[in-house]
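Readers should treat all values here as calculations from the given coordinates under stated rules, not as data from a laboratory. Quantities reported herein were computed from a predicted structural model and do not represent experimental measurements. Neighbour counts are summed over all protein chains in view; Cβ atoms, including those assigned to glycine, are modelled from backbone coordinates with ideal geometry.
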Amino acid sequence: MDEGLRWHRSSYCDEGDRACLEAAFEPDRARVHLRDSRQPGGAARLTFPAAAWSLFIAATTAD
């Protein structure tokens, strides 16, 4: 399932990197995956269509 995914850690990780959110786009950029860095191989993750993720980012970063 992680094949081809390049994970990126949030810039808001706590000290010691114990609690971080990681995100990765699929190679075709159709969907974005989010996971807890403490369980990188775990099945628990959220997956969103790229368009929905873009709307979420725009709404949360708007002034």
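Please find the FRET efficiency linking D28 to A58, where r is the Cβ-Cβ separation and R0 is fixed at 30 Å, and quote it to the nearest 0.05. Write out the running numbers ahead of the final one.
Numbers: r = 21 Å, r/R0 = 0.71.
Result of the calculation: an efficiency of 0.90.
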Exercise for the section: Could you tally the net charge around F48, taking each other residue with its Cβ under 13 Å from the Cβ of F48, Lys/Arg +1 and Asp/Glu -1? Expected result: +3
